[in-house]
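Trainee: Here it is, the structure, as structure tokens.
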Amino acid sequence: MKTTNYILILLIALCCSMCNSSKKEETLSTEKISHPDNDKHPVLSAADSLKMVNHQIEVKGDVEFPLQLTVDSLKKMKVITIDDFKVVCQSGEVKKDNKVCKGVLLKDILKKAKIKQNGHKDRNFYIVARASDNYKATFSWAEIFNNPTGENTFILFEENGKSIKNGEMIAICKNDIKTGPRHVYWLKSIEVYKVK
């Protein structure tokens, strides 16, 4: 009888320890999923940041007129002033608060480059704003040309009355809830591709 009780107690203890270890593993795997390393952005020195700056951006891909744009060429286009633009990261934290910015609509740049469409029903394109560090933000043709997003997506060259020093030109989408993911510093190119 004592041996049977002893074995029964050992089995219960073993089951309890197995349950607890699987809960620990589950907690660890949940932590790994909810805090991936790729959410962390490397912190660059001012010198390294300046190395990423592009003084011209290339508009290329499925366009009839590829462009090389500088701040000066943007200033010759229809410049729009944007009031109270906040850069809000995925967590909801405000990373930057601009009282006033100046830039050009991405839509106007794409009209100038002229997307290679085969008729007015040919709308299956996507636009990539690419940075020097290969960070990318994407937009669809419909967002830019058939949606309020088109009136709220800009290439900025001025923030709070000053030229942008660390980014020279920045792509932003003002009507995103979280504006950070499509806030592209060190803008290098605007690329247009047909969906295949």
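Trainee: In region 112-137, what count of residues is obtained for those that are farther than 14 Å from ASP62 by Cβ, within 23 Å of the chain's Cα centre (by Cα) and open to solvent by 20 Å² or more (accessible area, probe 1.4 Å)?
Mentor: Adding up the residues that qualify gives 6.
Trainee: What number goes with the only condition from (1) under 14 Å from GLU191 (Cα atoms); (2) open to solvent by 40 Å² or more (accessible area, probe 1.4 Å); (3) in a helix (DSSP H, G or I) that GLU143 does not pass?
Mentor: (1)
Trainee: Suppose we filter region 150-196 for residues that are in a strand (DSSP E or B) and either small (Gly, Ala, Ser) or more than 30 Å from ASN118 (Cβ to Cβ) (or both); how many remain?
Mentor: 10
Trainee: Can you pull out every residue in region 107-127 that is under 14 Å from ASN146 (Cβ atoms) and not in a loop (DSSP other than H, G, I, E, B)?
Mentor: LYS107, LEU110, LYS111, ILE115, PHE125, TYR126, ILE127 - these are the residues of region 107-127 that are under 14 Å from ASN146 (Cβ atoms) and not in a loop (DSSP other than H, G, I, E, B).
The values are calculated or read from the model by the stated rules, or taken from the named source; none is laboratory data. Just so you know, these numbers come straight off a predicted model, no measurement behind them. Please note: Cβ atoms are built from the backbone with ideal geometry, for glycine as well, and neighbour counts cover all protein chains shown. All accessible areas refer to the heavy atoms of the entire protein, side chains included, with ligands and DNA or RNA removed. Shrake-Rupley method; radii C 1.70, N 1.55, O 1.52, S 1.80 Å.
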